[in-house]
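Chemist: Take this structure first; my questions come after.
Nothing in this text is a laboratory measurement; each read-out follows from the coordinates by a stated rule. All figures in this text were calculated on a predicted structure; none of them were measured in a lab. In this analysis, Cβ positions are derived from the backbone assuming ideal geometry, glycine residues included, and neighbour counts consider all displayed protein chains.
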Amino acid sequence: MTERSERWLISTEQLAAQLGDPDLRVLDCSTRLAPATETTFRVEPCRAEWEASHIPGAGFIDIQGDLSRPDPKLRFTLPDAASFAAAAGRLGIGDDSRIVLYSRFHPMWATRVWWMLRAFGFDNAAILDGGIDKWEAEGRATESGTAEYPPAIFTARPRPELIADQKRVQAAMTENGTIILNALGRDQHTGSGGTHYGRPGHIAGSVNVPAREMTDPKTRAFLPLPQLEKMLKEVGVDGSAPVVTYCGGGIAATTPAFVMALLGHDDVALYDNSLTEWCMDPNLPMETDT
């Protein structure tokens, strides 16, 4: 466990003071998941909302279209290093850039991109606390239309330890001390309600800290770190044991992973594809609490 680091979280006041810095790249990552059936979501990039109102100069990231490997069943798969580097470069993210990421409704879309950047060796990105919702609520300047940054050179330096695959999750289930953490809602975790991914409930033996409970529902900002630390400690996460986070498709799970990074927990991995992949195999164990 390393020391706490809040350098990855930037306030609206701090960002407002930095707008116009030549090395700064602000990127809107907003996406919406609209329920299509009881077991599936429709992915909707919030490009129209970005064009209507965004932080001055901010570009837009279509997470599925720009930064995910095409797959008919797994919609947010991490791409290979070369593909990610090319895509990041097209978005204006270069080796010497300072990146601020934000999203509407919830920070999980921004934390997804933050985690992807970190998984490819880039640490100079921060999340705007409260996102565009807090920015607009404070009456700060916005602009409409489109914007983009000039292409840049991004060098991928993969950190495979930050990404867990199905086999790693299965191994974690039998490893003494490894914690598997579900970031979905409590009703989804118990199997009592909400959209599921083919089989209701949670990966056998996993604990639950919903990503949506880590932010203030009014301001969209993260809860105070001591409160977030308490939430994690209540399920056994204190930085002394490895953690694998998961959700439905590897998006919400990046929010507790981000919080753990702020708290200095270094041994944390994200199960990419999460229950979307896990539930496809009926032999992989799921549990419900109903």
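Chemist: Share of Cα-Cα pairs in the range 9-159 beyond 27 Å, in percent?
Modeler: 19
Chemist: Nearest 5 percent is fine: what portion of the DSSP beta bridges confined to the chain is antiparallel? Walk me through the intermediate numbers first.
Modeler: On the way: 9 of 32 bridges.
Within the chain, antiparallel bridges account for around 30 percent of the total.
Chemist: Only Cα pairs within less than 10 Å get springs; with that Gaussian network setup on the chain, which residue of D21, D266, D187 has the largest fluctuation?
Modeler: D21
Chemist: Next up: Helix 108-119 against the longest principal axis of the chain: what's the angle in degrees, Cα atoms only, rounded to the nearest 10?
Modeler: Value to nearest ten degrees: 90.
Chemist: Sticking with this structure for a sec: Given 10 °C and 1.306 mPa s, compute D for the range 161-287 with the Stokes-Einstein relation, Rh being the Kirkwood radius over Cα pairs; round to the nearest whole µm²/s.
Modeler: Answer, rounded: 110 µm²/s.
Chemist: Then there's this: Nearest 5 is fine: what % of DSSP beta bridges in the range 161-287 come out antiparallel, could you say?
Modeler: Of all bridge pairs located within the range 161-287, approximately 20 percent are antiparallel.
Chemist: Let me ask you something else. May I ask you to compute the full-extension gain from M231 to D187, defined as 0.36 nm times their residue separation minus their alpha-carbon distance, rounded to one decimal in nm?
Modeler: 14.1 nm
Chemist: Apply the Debye scattering formula to the chain, with a single equal point scatterer on each alpha-carbon and no solvent, then give log10 I(q)/I(0) at q = 0.07, 0.13, 0.14 Å⁻¹.
Modeler: -0.24, -0.86, -1.01
Chemist: A further question follows. Calculate for the chain the 222 nm mean residue ellipticity that helices alone would give, adding -39,500 (n - 2.57) per DSSP H run of length 4 or more and normalising by residue count, nearest 500 deg cm²/dmol.
Modeler: Working: 11 runs with 84 residues, N = 290.
For the chain, the value works out to -7500 deg cm²/dmol.
Chemist: Run through the range 201-281 and list the GluC sites (Glu not before Pro) located in a DSSP loop whose Cβ has at most 13 other Cβ atoms within 10 Å.
Modeler: Sites meeting the loop and neighbour criteria: E234.
Chemist: Something else now. Using alpha carbons only, how many degrees (0 to 90, rounded to 10) separate the axis of helix 81-90 from the longest principal axis of the chain?
Modeler: The helix 81-90 is inclined about 30 degrees to the chain.
Chemist: Excluding same-chain residues fewer than 8 positions from K230, which lysines have a Cα within less than 27 Å of its Cα?
Modeler: Partners found: K134, K218.
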